[in-house]
């Protein structure tokens with residue numbers, strides 16, 4: 001076995017529209033991650049919220065499904 005690192009694979013450049021779409025997706029995912037981090041830090045600092053102050057999972061599920069049903073269709 002060789003001690004040399006494996007060569008990096010060649011990359012195919014993206015057109016500007018595709019590159020911008022990837023950047024937007026990355027920004028959206030970064031924002032979601034930042035929100036999750038803030039929630040976890042709040043739990044670590046203050047503990048879990050009281051159960052009576054929360055939303056039942058059935059209500060949250062139904063609200064989310066209603067939200068999804070109202071969105072415009074997207075192409076993957």
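Readers should treat all values here as calculations from the given coordinates under stated rules, not as data from a laboratory. This one's a predicted model, so the numbers in the text were calculated from it and none came from an experiment. All Cβ positions, even for glycine, are placed from backbone atoms using ideal geometry, and neighbour counts span all protein chains on display.
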- Note on the structure: So, first residue without any contact (Cβ under 8 Å) to a residue 24 or more places away in the chain and at negative phi in segment 20-48, second residue in a helix (DSSP H, G or I) and surrounded by 10 or more Cβ atoms within 10 Å (Cβ to Cβ), Cβ within less than 8 Å, six or more apart or across chains; the pairs are none
- Limited to segment 13-30, what total is found for residues that are under 24 Å from residue 74 (Cβ atoms) and in a loop (DSSP other than H, G, I, E, B)? 2
